[in-house]
1. Only residues that are buried (at least 17 other Cβ atoms within 10 Å of the Cβ) and among the basic types (Lys, Arg): list them for segment 184-200, please.
2. Please state which of the following conditions residue 31 fails to meet, knowing it meets all the rest: (1) in contact (Cβ under 8 Å) with a residue 24 or more places away in the chain; (2) in contact with a strand residue (DSSP E or B) (Cβ under 9 Å, 6 or more places away or on another chain); (3) closer than 22 Å to residue 20 by Cβ; (4) surrounded by fewer than 21 Cβ atoms within 10 Å (Cβ to Cβ).
3. Give the number of residues within segment 191-209 that are modelled with pLDDT of 90 or more and either assigned to a helix (DSSP H, G or I) or in contact with a strand residue (DSSP E or B) (Cβ under 8 Å, 6 or more places away or on another chain) (or both).
4. Taking residue 14 as meeting all but one of (1) within 23 Å of residue 168 (Cα to Cα); (2) in contact with a strand residue (DSSP E or B) (Cβ under 9 Å, 6 or more places away or on another chain); (3) among the hydrophobic types (A, V, I, L, M, F, W, C), write down the number of the exception.
5. Pairs please, first residue from segment 135-148 and assigned by TED's automatic domain parsing to the domain that holds residue 88, second anywhere and part of a loop (DSSP other than H, G, I, E, B) and of a type in the set (Asp, Glu), Cβ atoms under 6 Å, 6+ apart in sequence or on different chains.
6. Starting from residues that are over 23 Å from the mean Cα position of the chain (by Cα) and assigned to a helix (DSSP H, G or I), keep the ones in segment 88-102 and report whichever is surrounded by the fewest Cβ atoms within 10 Å (Cβ to Cβ).
7. Exactly one condition in (1) among the hydrophobic types (A, V, I, L, M, F, W, C); (2) over 25 Å from residue 7 (Cβ atoms); (3) touching a strand residue (DSSP E or B) at 6+ places or on another chain (Cβ under 9 Å); (4) part of a helix (DSSP H, G or I) is false for residue 212; which is it?
8. Cβ-Cβ below 7 Å, separation at least six or inter-chain, first residue in segment 201-226 and free of Cβ contacts under 8 Å to residues at least 40 places away in the same chain and crowded, with 17+ Cβ neighbours inside 10 Å, second in a helix (DSSP H, G or I) and among the acidic types (Asp, Glu): which pairs?
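The values are calculated or read from the model by the stated rules, or taken from the named source; none is laboratory data. These numbers were taken from a predicted model, which means no experiment stands behind them. Virtual Cβ from ideal backbone geometry, glycine too; neighbours counted across all protein chains shown.
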Amino acid sequence: MTDRLNEIVERILAVTTQPDLSRLLRHVRRVYDLDNCIYYALNLGGPRGGEEFGAMTYQEAWHQRYEEVRYRDFDPVVAAALGGFAPIDWQTLDWSGRPVRRLLSEANEFRVGNHGYTIPIHGPNGQFAMFSVSKQCAERRWNLLLAESAQDLLIIAHHVHRQALEMTGAAEIQPPPALSPRERDALALMAEGRSRAQVAHKLKISESTLRVYLDSARHKLGGLNAVHAVALAVKSGAVKI
C-alpha cells in the first residue's frame, strides 16, 4: 500500500464512534483532494436489519433537504448501487427526467460536486451500504483523480464498512475465506500497489500463472475483478497489510 493509504487504514481502525467516523471522512477528503466523502449504510443487517448508520461531509442543510424531498426514492446513484456491486462513476448514469434533473440542480446549489464515485457494499443478512466521494472540477481532472485513487478508495470503503459493523455491533464479521499461500501472497503484493508484472517477478512465476491465482482468489472472495478481490481480502482479514 502507499503511505497515504496505510495512514488512512490505521486511522479507520481507531474509529470507535460516529464523530470519529465524521473526522475520518473529513481527513480522507483532504488527503485525496475531494469536496465530499460519505459513508452511509441503509441496512446494517443481522439483528439491526433496516437500521441506518453513517456520516458525511455534505452540508447538513443538503442532507435535510435530501430526506425531506425523499430524493433517495429516485436517486440514480442509489438505484445503481442497489442493483450491482461495481463502483459507479456518476457521469455514466442517466440523469434525465424532471425529478432527477431537480435533484441534480439542487445538489449543485449545495456544492455536492459535478462529479462523483460510489462504491456499493453488499454483505450477508441484507447488509447494504455506500461509500461515495464527489468533487466540483473539470472532467479531465476528475478522470485523472479516479485513475490515481480509485483502487485506494475501494480499499478504504470496505475498511470503513468493516469498522462500522464492529463499532455498532450490527453483524458478526465473516471468517476469512481459505486462500492458498500463493493466492494470499499475490493479493498482498497487489495491495501494496504493485503491477501484475512486478508481482509475478517477485513471486518468480509467469503472468499467466499469476492470473490463475488471482482468478481463483477472486472466485473464493466473490470479487468482481482483481482490485475488488484485493479489497475484499483485506477487509475480511484474509490478507494482512
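1. If the condition is that a residue be buried (at least 17 other Cβ atoms within 10 Å of the Cβ) and among the basic types (Lys, Arg), then 184 is the only one that fits.
2. The failed condition is (2).
3. Residues that pass the stated criteria total 11.
4. Answer for residue 14: the failing condition is (2).
5. Hits for this filter: 135/35; 136/35.
6. That would be 98.
7. With (1) among the hydrophobic types (A, V, I, L, M, F, W, C); (2) over 25 Å from residue 7 (Cβ atoms); (3) touching a strand residue (DSSP E or B) at 6+ places or on another chain (Cβ under 9 Å); (4) part of a helix (DSSP H, G or I) applied to residue 212, the lone miss is (3).
8. Between residues of segment 201-226 that are free of Cβ contacts under 8 Å to residues at least 40 places away in the same chain and crowded, with 17+ Cβ neighbours inside 10 Å and residues that are in a helix (DSSP H, G or I) and among the acidic types (Asp, Glu), the close pairs are 213/183; 217/183.
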